[in-house]
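Here is the structure we will look at.
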Amino acid sequence: MSQDNAAKITLSGVRKTFAGGRKVVLDHVDLEVGKGESLVIIGGSGTGKSVTIKCMLGLLKPDSGAIYIDGQDVTQMSEGAREDINRQVGMLFQAAALFDSLPIWENVAFGLLARKMCSRADARDIAAEKLRLVGLAPDVLDLSPAELSGGMQKRVGLARAIATNPEIIFFDEPTTGLDPIMADVINNLIVHVNQEIGATAITITHDMVSARKIGDRIAMLYDGRIIWAGSTDAMDHTDNPYIQQFIHGRADGPIKMAVRR
């Protein structure tokens, strides 16, 4: 099944449950991400943000609903066809997720080498260029991840995410564990590389500073549904009580935190 629209990614009625259907995580989620757009999905811990991107990536299969990428429903594709789609995807993991046994340049070029997209010499040159884009000099190419700070490792993870010039990039809590200054550096780098390669970006975060800087548009996930979506500027002016409580970090409001007694 195909769908004609201008969106790069569309979720239509996506539902995902666990524990034999007793735990509903996504409850008929509808969402569109335009080509070249930077969308940030916000929401508290356990609201289904990670499950949403895992469904987009094909790591989880929705119980029902459809996920379109470039107008094709990827939930109905064969494993091989889905792998072809995923070749256009880059991913920045929450903890950078670098390979300890590989030097920095091989970490960055891992996708290029694994898919045999170029020679090792060319892959090293590409790694150096992507590291330059994220503000790292060539002298880190042969270092191991353990020799870099947490912020530098995050930059290497970002360089790896863009190494194959992907059309779609997922950012999973990109500023978690970083001090405010380094977090701002990473936010600026994400904006820069998105503009540089023109990718469609989907970020999940609960960091509102990051969301405001990275996002063209914001969508809030709560109780398994997208309860609000709009421009980053519109977020501050909406009267939606869930958005207002979340962005201002208020304990009082319609969002109730589960407390273990």
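Given the convex hull over the Cα atoms of the stretch 1-153, what projected area results after averaging over all orientations, in nm²? If you can, show how the numbers build up before the last one.
Numbers: hull surface 44.9 nm².
Mean projected area for the stretch 1-153: 11.2 nm², to one decimal.
Considering only DSSP beta bridges where both residues belong to the chain, give the percentage that are antiparallel (nearest 5).
Approximately 55 percent, going by the DSSP bridge assignments.
Of LYS8/LYS256; LYS35/LYS116; LYS35/LYS154; LYS54/LYS154; LYS35/LYS256, which ones are farther than 29 Å apart at the Cα? Spell out each step's value before the answer.
Values: LYS8/LYS256 34 Å; LYS35/LYS116 27 Å; LYS35/LYS154 25 Å; LYS54/LYS154 20 Å; LYS35/LYS256 35 Å.
As for pairs spanning more than 29 Å Cα to Cα, those are LYS8/LYS256; LYS35/LYS256.
If you roll a 1.4 angstrom probe over the protein chains with everything in place, what fraction of the accessible area of the stretch 80-235 belongs to carbon and sulfur, to the nearest %?
Answer for the stretch 80-235 is 52 percent, counting heavy atoms of protein chains only.
Expected output is a single nm value to one decimal: the length gained when fully extending between HIS192 and ARG22, i.e. 0.36 nm times separation in residues minus the C-alpha distance. What is it? Walk me through the intermediate numbers first.
Numbers: separation 170, 0.36 × 170 = 61.20 nm, distance 4.24 nm.
Between HIS192 and ARG22, full extension yields an extra 57.0 nm.
Report the dimensions of the stretch 110-261 along its three principal axes from the alpha-carbon atoms, largest first, rounded to Å.
Reported extents, whole Å, longest axis first: 56, 32, 27.
Evaluate the Debye formula for the stretch 149-200 with equal point scatterers sitting on the alpha carbons, no solvent, and hand back log10 of I(q)/I(0) at q = 0.13, 0.16, 0.24 Å⁻¹, in q order, two decimals.
Debye intensities relative to I(0), on a log10 scale: -0.28, -0.42, -0.92.
Can you tell me the alpha carbon radius of gyration of the chain divided by the globular rule-of-thumb value 2.2 N^0.38 Å?
Dividing the Cα Rg of the chain by 2.2 N^0.38 Å gives 1.03.
Excluding residues fewer than 8 places away in the same chain, name every one of the aspartates and glutamates whose C-alpha is closer than 19 Å to that of LYS49.
Of all the aspartates and glutamates, those that pass the test against LYS49 - Cα under 19 Å, at least 8 places apart if same chain - are ASP27, ASP30, GLU32, GLU37, ASP63, ASP172, GLU173, ASP207, ASP216, ASP223.
Karplus couplings for the stretch 168-175 from phi (6.51 cos²θ - 1.76 cosθ + 1.60, θ = phi - 60°), rounded to Hz, Gly and Pro as x?
So the J values, rounded to whole Hz, are 10, 10, 9, 10, 9, 6, x, 10.
Hey, what D do you get for the stretch 65-147 in µm²/s if you plug the Kirkwood alpha-carbon radius into Stokes-Einstein at 25 °C and 0.890 mPa s? Each step should come with its number before you reach the end.
On the way: Rh = 14.7 Å.
Estimated via Stokes-Einstein, D reaches 167 µm²/s.
Return the long-range amide H neighbours of ARG225 (sequence gap of 5 or more, or a different chain), with a cut-off of under 5 Å between placed amide H atoms.
Here the answer is ASP27, since their amide H atoms fall under 5 Å of that of ARG225.
How much area per residue is accessible in the stretch 116-261 when the probe is 1.4 Å and only protein heavy atoms are counted (Å²)?
50
Select from GLY230, GLY36, GLY21 the residue whose mean-square fluctuation is largest in a Gaussian network model of the chain (Cα-Cα springs shorter than 10 Å).
Largest GNM mean-square fluctuation: GLY21.
With everything on Cα atoms, drop me the angle between helix 180-197 and the longest principal axis of the chain, reported from 0 to 90° to the nearest 10.
80
The values are calculated or read from the model by the stated rules, or taken from the named source; none is laboratory data. Keep in mind the model is a prediction, meaning the values are calculated, not measured. Note: accessible area is taken over every heavy atom of the protein model, side chains too, but ligands, DNA and RNA are not part of it. Shrake-Rupley method; radii C 1.70, N 1.55, O 1.52, S 1.80 Å.
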